[in-house]
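Every number in this text was worked out from the coordinates using simple rules, so none of it is lab data. This one's a predicted model, so the numbers in the text were calculated from it and none came from an experiment. Cβ coordinates were reconstructed from backbone atoms using ideal geometry, including for glycine residues, and neighbour counts include every protein chain displayed.
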Amino acid sequence: ICLLFLSKHFCAMFATKMSRLCIRQMATGRTRDRQWCDVGIFKNNTAVVSQFYLLPEETLSLSSKVGENADVPDYRLLKKQDLFPGTVYRFRVAAINGCGVGPFSKVSEFKTCIPGFPGAPSTVKISKSVDCIHLSWEPPASPSGNILEYSAYLAIRSTQLQENPNQLVFMRIYCGLKTSCIVTATQLSNAHVDYTSRPAIVFRISAKNERGYGPATQVRWLQGKGFPVPSTSSL
């Protein structure tokens with residue numbers, strides 16, 4: 001997994017301008033899987049993640065009681081764990097300067113590829129025009145063969161959301177070889193506005209090769225004041 005994150009540093013003498021990246025496997029019920037584990041300390045705002053550091057068993061119960069700004073562990077004493085294929089992980093990033101470790105960012109979620117399947121498209125961009133929006137993306141960094149098509153999906157309003165608000169329902173709005181598509185005002189009028197954090201319309205984009213579809217990239221299109229769903233008149 002290749003991550004891009006923005007590192008902020010606060011006003012302090014001899015600021016180190018580094019970032020601490022942590023990872024968490026989606027819980028399977030085991031205590032270890034519910035813990036945040038460090039990936040490392042980085043001086044750049046990008047990182048290729050293939051492993052993370054495991055906490056010793058005797059410190060698992062203690063780690064859940066430690067505050068957000070816990071000291072960085074000595075990585076030389078920790079064992080490394082490779083990322084598992086086809087597994088969902090959560091990431092968060094904190095900045096480090098001369099004062100110590102700052103607060104962590106909001107959590108982002110990613111899924112690793114299954115060998116042979118393409119990776120997720122990247123660098124998704126959304127631009128607004130008079131009567132539609134333009135959605136574009138970059139091909140997967142690891143296509144694992146030839147990309148046969150892309151699919152773009154839009155989260156839509158559904159009665160299923162009333163029964164399970166956390167389970168979004170998606171409608172496919174594009175299928176083809178181009179790395180861009182137009183989302184019409186009619187399609188957007190059916191969009192579901194997700195309020196889990198800041199109100200946003202949610203899109204997913206995935207790539208397909210000879211083996212099938214790989215994991216999707218999910219992007220949130222934040223809504224403006226009043227949080228209306230875009231309509232023909234407002235676009």
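Data overview
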{"item": "Radius of gyration, Dmax [segment 100-223; alpha carbons; angstrom]", "result": "15.5, 50"}
{"item": "Around SER151: net Lys/Arg minus Asp/Glu count, Cβ-Cβ under 13 Å", "result": "+3"}
{"item": "Rough spin-label spacing in nm, given labels placed 7 Å along Cα→Cβ, for MET171 and LEU148", "result": "2.6"}
{"item": "Amide N proximity, segment 181-204 versus SER129 label position 7 Å along Cα-to-Cβ, cut-off under 18 Å", "result": "181-189"}
{"item": "Label-point separation, SER108 to LEU77 (7 Å along Cα→Cβ), nm", "result": "3.1"}
